[in-house]
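The values are calculated or read from the model by the stated rules, or taken from the named source; none is laboratory data. Since this is a predicted model, take the numbers as computed values, not measurements. Positions of Cβ are backbone-derived with ideal geometry, glycine not excepted, and every protein chain shown enters the neighbour counts.
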Amino acid sequence: MKVTIEGSKAVAQAVKLARVKVIPCYPITPQTHIMEGTAELIANGDFKAELIDVESEHSSISACVGAQAAGVRTFTTSSSQGLALMHEILFIASGLRLPIVMAVANRALSAPINIWNDHQDSISERDAGWLQFYVESSQEALDTVLMAYKIAENHKVLLPVMVCLDGYTITHTDEQVDIPEQKNVDNLLGDYKPFYKLDTKKPISIGPIAFPNSFMNFRQQQVEAMKSSLSVINEVQKKFAKMFGRKYDLIEVYNPKKSKNAVIAMGSVCGTIRHVIDEENENIALIKIRCFRPFPKEDLIKACKNFDSIAVIDRSLSPGQGAPVFTEVSSVLKDKKIKSFIAGLGGRDIKIEHIKKISKNISTNIEKEEWLL
């Protein structure tokens, strides 16, 4: 069924289709519409779930940990300072190997106070042990939330997932979205069968103290699960494409044969780059990173093998070091000319002329980081 709805409501539809049972949430701009969308669906009787109004984002993710440990499928959502307030529990959720799914409506971190989009909030949590996907559209947001459950709940993975969508640009923009039928989503996900759960009939201890002789082993298992998730993600994306006709990859390349220069980006700016390629006849290719954690090194190497010069657009910072996506890319593509561009911080528009400027300067003065102001 095709409908025109904003990205937040598309995510809410995905939560309903996934038959989530517990949804702890705390409102924060620009995430609030996701919470309101799920609340409205529950209130209207469209699906049965427990929406928990908690007192903070820290409580929200904590409630997710408790509910997921009890053996039910959970969902939450946050942005910016709210996600930062979750920081402590994000590591706990991952360390306990709980397949929670969270939508992050990306928003700049204070100070100064800013309610508009960049990627600093989720990028700052890249080491928390969560898988991270960055989406370009409302349709991709809906589809990725569904796939996130299939990936997270796989016993080779058992790690939580963030689905990151640009605040306002996606969350508050109406787009046509194809909502899958419930029976088809049921065939994709099936009933949730937890690997372990809290059960009074079979008591277990979850999250006990780990002494120095064992803590590293737990962390190593997380790393191995993250590595294993790459093959699981590919399997799920292929199955999703077969069932629903929409194809996704870890790394997606657009216009690869007409240029020796490429721009690497994540999120909604990829749509702007596509427009510049198609409508402005700009001679560049787009390399879209869909999956940032785990970082798909081999797929990136393959995607970039025929390009001489590469630009990387970051919507986040790592003060004192190169921009985060640029740092990751340059550590993998050591034999390429790679130039770093900082853009779109705090919701500043990334315009057509910015993409043209990148195209023009992609191979010049590559040692210097360039800010698109």
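Filter segment 39-69 down to the residues that are of a type in the set (S, T, N, Q) and over 19 Å from the mean Cα position of the chain (by Cα), then identify the one that is nearest to GLY167 (Cα to Cα).
The extreme case among them is SER56.
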Tally up the residues in segment 340-373 that are more than 25 Å from ASP121 (Cβ to Cβ) and either without any contact (Cβ under 8 Å) to a residue 60 or more places away in the chain or in contact with a Pro (Cβ under 8 Å, 6 or more places away or on another chain) (or both), please.
9
Restricting the search to segment 328-369, which residues are acidic (Asp, Glu), within 14 Å of VAL312 (Cα to Cα) and surrounded by fewer than 18 Cβ atoms within 10 Å (Cβ to Cβ)?
GLU367, GLU369
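Between LYS202, LYS239, LYS227, which is touching a Pro at 6+ places or on another chain (Cβ under 7 Å) and either at pLDDT 95 or above or within 30 Å of ALA18 (Cβ to Cβ) (or both)?
On the way: LYS202 fails: touching a Pro at 6+ places or on another chain (Cβ under 7 Å); LYS239 fails: touching a Pro at 6+ places or on another chain (Cβ under 7 Å).
Every option except LYS227 fails the conditions.
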Any pair with Cβ under 7 angstrom, 6 or more apart, that starts in segment 266-290 at a residue that is under 13 Å from ILE352 (Cα atoms) and free of Cβ contacts under 8 Å to residues at least 24 places away in the same chain and ends at one that is of a type outside the set (Asp, Glu) and buried (at least 22 other Cβ atoms within 10 Å of the Cβ)
ARG274/LEU286; ILE277/ILE284; ILE277/LEU286
Let me spell it out: the conditions are (1) under 23 Å from the mean Cα position of the chain (by Cα); (2) surrounded by fewer than 18 Cβ atoms within 10 Å (Cβ to Cβ); (3) not aromatic (Phe, Trp, Tyr), and SER268 meets all of them except one. Which number is the exception?
(2)
In segment 129-148, how many are part of a helix (DSSP H, G or I), touching a Leu at 6+ places or on another chain (Cβ under 7 Å) and among the β-branched types (Val, Ile, Thr)?
0
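Just for segment 160-184: of the residues that are touching a Pro at 6+ places or on another chain (Cβ under 7 Å) and surrounded by 24 or more Cβ atoms within 10 Å (Cβ to Cβ), which one is farthest from ALA343 (Cα to Cα)? Write out each step before concluding.
Residues of segment 160-184 touching a Pro at 6+ places or on another chain (Cβ under 7 Å): 160, 167-168, 171-172.
Imposing the further condition that a residue be surrounded by 24 or more Cβ atoms within 10 Å (Cβ to Cβ) reduces the set to 160, 167, 171.
Working: PRO160: 29, GLY167: 15, THR171: 20 Å.
Applying the filter and picking the extreme gives PRO160.
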Report whether or not GLN81 is under 24 Å from TYR248 (Cα atoms) and of a type in the set (S, T, N, Q).
no
The residue that is nearest to MET266 (Cα to Cα), considering only those in segment 242-254 that are without any contact (Cβ under 8 Å) to a residue 40 or more places away in the chain and more than 19 Å from the chain's Cα centre (by Cα), is TYR254
Filtered residue count, segment 280-317, keeping only those that are among the acidic types (Asp, Glu) and touching a strand residue (DSSP E or B) at 6+ places or on another chain (Cβ under 7 Å):
3
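Collect the residues in segment 149-196 that are aliphatic (A, V, I, L, M) and part of a loop (DSSP other than H, G, I, E, B), keeping them in residue-number order. Let's see the steps before the verdict.
First, the residues of segment 149-196 that are aliphatic (A, V, I, L, M): 151-152, 157-159, 161-163, 165, 170, 177, 179, 185, 188-189.
Passing the criteria: VAL157, LEU158, LEU159, ILE170, ILE179.
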Any residue at all in segment 240-263 that's aromatic (Phe, Trp, Tyr), outside any helix (DSSP H, G or I) and farther than 24 Å from VAL135 by Cα?
no
